[in-house]
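The structure under discussion appears below in the form of structure tokens.
Where a number appears in this text, it was derived from the coordinates with a stated rule and is not lab data. Just so it is clear, the structure is predicted and the values come from calculations on it, not from any experiment. Backbone-built Cβ (ideal geometry, glycine too); neighbour counts: all protein chains shown.
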Amino acid sequence: MRKNLPQFKKKLVKLKAILFDFDGTLVHSVSVLVSLFEEVLAEQNFPPADPKKIRRLIGEPLDQIFRKLTNLDNIEYLSESFHAKENARHTAEHIQLMKEVIPTLEFLKSQNLKLGIVSTKQRELVKPLSAELKIGKFFDVMVGGWDVKNPKPHPEPILLACKKLEIKPREIIFVGDSLLDLQSAKSAEAIFVGVLTGVCSREEFKKARADYIFSHVGEMVNLVRRVLNSK
């Protein structure tokens, strides 16, 4: 999905940074997360949940996901079990980078752009895995779900990252794989690039009016070149 650059530039004051979602955007982790939810529910004798439903919920706060899957309010014990399993599997042995992530990050840094990760997942999980996957060095800021009062789709996580980088939301592009990411970016008045490597389809992004849609993060390099080279 492409738009002409002048229309794009009406929203973007000056490109200074690019912020990324983590799961489903930079790393192949959605299938791992779905399996973890299935295991936790099975161990606690809940009926199996539709994997497609679980997949659609990825990116929401953990407690909220379990409430929707079980229709119960008291789900803290499920979240605790999930965290224990996730800590054990949140390694490069189980989770790999998406296509062209490292060359894309190298290019963006070569253009003197600041980079950040904005995830619903706690930063204490994102940071060590990023280092293990050899991408942590590229990022100037990381904001996790526990760093904010209001996670995505609220704009607070993006606004916090911008504050830490000392830039304005209209000076960034936010890249994500879900409608939660899109809604957060729109609420923050930031440009949104949707990638098809996670939970959202091209049709869903089109309907929600994503600014750009690409198959994976590597495809946004030409867009960034055009923006930076424009007068």
**Study point:** Simple label model, 7 Å out from Cα along Cβ direction - Glu124 to Lys149, nm
**Key:** 2.2
Check your understanding: Given the Cα-Cα distance of Arg225 and Ser31 and 0.36 nm per residue of separation, how much length would full extension add, in nm?
Key -> 66.6 nm
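Using DSSP to call loops (not H, G, I, E or B), can you name the GluC sites (Glu not before Pro) in segment 1-109 whose Cβ has at most 13 other Cβ atoms within 10 angstrom?
Working: sites: Glu38, Glu39, Glu43, Glu76, Glu80, Glu86, Glu93, Glu100, Glu106; in loops: Glu93, Glu100.
Taking segment 1-109 and a limit of 13 other Cβ atoms within 10 Å, the loop GluC sites (Glu not before Pro) found are Glu93.
How large is the translational diffusion coefficient of the chain in µm² per second when you combine the Kirkwood radius over alpha carbon pairs with Stokes-Einstein at 20 °C and 1.002 mPa s?
Values: Rh = 17.9 Å.
This corresponds to a translational diffusion coefficient of 120 µm²/s.
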Study note, to complete from the structure: One point scatterer per Cα, no solvent, Debye formula: log10 I(q)/I(0) for segment 30-89 at q = 0.22, 0.23 Å⁻¹ comes out as -0.83, -0.92
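Full extension from Lys14 to Glu106: what is 0.36 nm times the residue separation minus their Cα-Cα distance, to one decimal in nm?
31.1 nm
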Review point. How many angstrom separate the Cα center of segment 154-179 from the Cα center of segment 20-43?
Key: 23
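Taking every pair of alpha-carbon atoms in segment 18-119, give the share separated by more than 16 Å as a whole percent. Numbers along the way, then the final one.
On the way: 3179 of 5151 pairs.
Counting pairs separated by more than 16 Å, the tail of P(r) holds 62 percent.
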Check your understanding: So what J values fall out for segment 159-175 if you push phi through Karplus, 6.51 cos²θ - 1.76 cosθ + 1.60 with θ = phi - 60°, rounded to Hz, Gly and Pro as x?
Key -> 5, 5, 4, 4, 4, 5, 8, 6, 9, 9, x, 7, 10, 10, 10, 10, 10
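Go through Lys134/Lys163; Lys16/Lys186; Lys186/Lys206; Lys14/Lys186; Lys121/Lys152; Lys127/Lys164 and tell me which ones have a Cα-Cα distance over 21 Å in this structure.
On the way: Lys134/Lys163 25 Å; Lys16/Lys186 18 Å; Lys186/Lys206 14 Å; Lys14/Lys186 17 Å; Lys121/Lys152 11 Å; Lys127/Lys164 16 Å.
Violating the 21 Å Cα-Cα cut-off are Lys134/Lys163.
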Revision key, fill the gap. Sorted by chain and number, the residues with a modelled amide H under 5 Å from that of Met142, at a separation of 5 or more or across chains, are Ile117
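Using 0.36 nm times the number of residues separating Lys164 and Asn71, minus their current alpha carbon distance, what extension gain do you get?
Details: separation 93, 0.36 × 93 = 33.48 nm, distance 3.73 nm.
Taking Lys164 through Asn71 to full extension adds about 29.8 nm, to one decimal.
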Study note, to complete from the structure: If amide H atoms are modeled at 1.01 Å from N in the peptide plane, then the residues at a separation of 5 or more from Val175, or on another chain, having amide H under 5 Å from its own are Leu19, Phe20, Asp21, Val193
Review point. Which ³J(HN,Hα) values in Hz, rounded to whole numbers, follow from the phi angles of segment 101-108 under the Karplus curve 6.51 cos²θ - 1.76 cosθ + 1.60, where θ = phi - 60° and Gly and Pro get x?
Key: 5, 5, x, 5, 5, 4, 4, 4
Revision key, fill the gap. Interchain or sequence-distant (5+) residues whose placed amide H lies within less than 5 Å of the amide H of Val27 are Met98
**Study point:** Vicinal HN-Hα couplings computed from phi for segment 30-43 (Karplus, 6.51 cos²θ - 1.76 cosθ + 1.60; Hz; Gly/Pro x)
**Key:** 4, 5, 5, 5, 4, 4, 5, 4, 4, 5, 4, 5, 5, 5
Review point. Based on the Kirkwood radius over alpha-carbon pairs, what is the Stokes-Einstein translational diffusion coefficient of segment 98-197 at 20 °C with 1.002 mPa s viscosity, in µm²/s?
Key: 156
